[in-house]
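Okay, structure first, notes after.
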Amino acid sequence: MAYGKITNGILVQKQPDKDAGFVVIPDDAVCGQVTADGGLTFTNPPILLQSAKDTKVSELDAAYLAASYANVVYNTNTFQADEHSQQNLTKVLSAMGTTAPSDFYWVDVANAQIPFTKADAQALADLMFQQGWTAFKRLQVSKAAVRAAKTVADVQAVVW
């Protein structure tokens, strides 16, 4: 048995002991739930449109980052494309000059040393850029759909 304090139809406090102002509530009731019958039954409050939009944009931002930094395949080898790897590749390309040293390599996800030319390094950087650009464009389309949504169901229908 549980006891709860209800303010304006919302369960604001739950405890095991009966105190003044507390009523008997179902054991599975959770603070923040609403009741229309004085505490006999509780339901989750309706999701507000702006709250749903904010939550969806956060989900989309996370999906964008994951897509932007996903591993990439170049010449049958898989390479990390996380932020740190992209920064390192950019630094190498800017410092390399016109050609790569004859013993230059880039490390794949299995830590194998893959011989690389400057053209290989540039092609890998281009792949990483295209992956991020594609993800960014998708994020913009998805966010526009969220902004245009008129109902919570419309918001929830937007998926990455």
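Under the condition of being part of a strand (DSSP E or B) and within 30 Å of V159 (Cβ to Cβ), the residues counted in segment 68-91 number 5. Going through segment 21-61 one residue at a time, which ones are of a type in the set (K, R) and closer than 11 Å to L11 by Cβ? Within segment 21-61, none qualify. The conditions of being part of a helix (DSSP H, G or I) and small (G, A, S) are not met by A110.
For the structure I just gave you, tell me whether V23 is surrounded by 10 or more Cβ atoms within 10 Å (Cβ to Cβ) and touching a Gly at 6+ places or on another chain (Cβ under 7 Å). Judged against the criteria, V23 is a match.
Tallying residues that are free of Cβ contacts under 8 Å to residues at least 12 places away in the same chain and under 20 Å from G97 (Cα atoms) within segment 119-160 yields 2.
Filtering segment 106-156 to residues that are among the small types (G, A, S) and farther than 23 Å from E83 by Cα leaves A144, A145, A148, A149, A153. Of the listed requirements (1) under 30 Å from V155 (Cβ atoms); (2) in contact (Cβ under 8 Å) with a residue 24 or more places away in the chain; (3) in a loop (DSSP other than H, G, I, E, B), G32 misses just one: (2). Counting only residues that are under 20 Å from the mean Cα position of the chain (by Cα), under 21 Å from V92 (Cα atoms) and not in a helix (DSSP H, G or I), segment 116-160 holds 0 of them.
So that you can scan it fast, the table gives a plain yes or no per residue for (1) surrounded by fewer than 12 Cβ atoms within 10 Å (Cβ to Cβ); (2) of a type in the set (F, W, Y); (3) outside the structural domain of S58 (by TED's automatic domain parsing):
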| site | (1), (2), (3) |
| --- | --- |
| D108 | no, no, no |
| A123 | no, no, no |
| M128 | no, no, no |
| W133 | yes, yes, no |
| T151 | yes, no, no |
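Condition check ((1) exposed (fewer than 13 other Cβ atoms within 10 Å of the Cβ); (2) part of a loop (DSSP other than H, G, I, E, B); (3) touching a residue at least 24 places away in the same chain (Cβ under 8 Å)) across all residues:
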site	(1), (2), (3)
G38	yes, yes, yes
T41	no, yes, no
P45	yes, yes, yes
V57	no, no, yes
A62	yes, no, no
A66	yes, no, no
L93	no, no, yes
S102	yes, yes, no
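Number of residues in segment 70-99 that are over 24 Å from the mean Cα position of the chain (by Cα) and of a type in the set (D, E, K, R): the value is 1.
The values are calculated or read from the model by the stated rules, or taken from the named source; none is laboratory data. The structure presented is a predicted model; accordingly, all values stated were derived computationally and were not measured. Note that we place each Cβ from the backbone using ideal geometry, even for glycine, and neighbour counts take in every protein chain shown.
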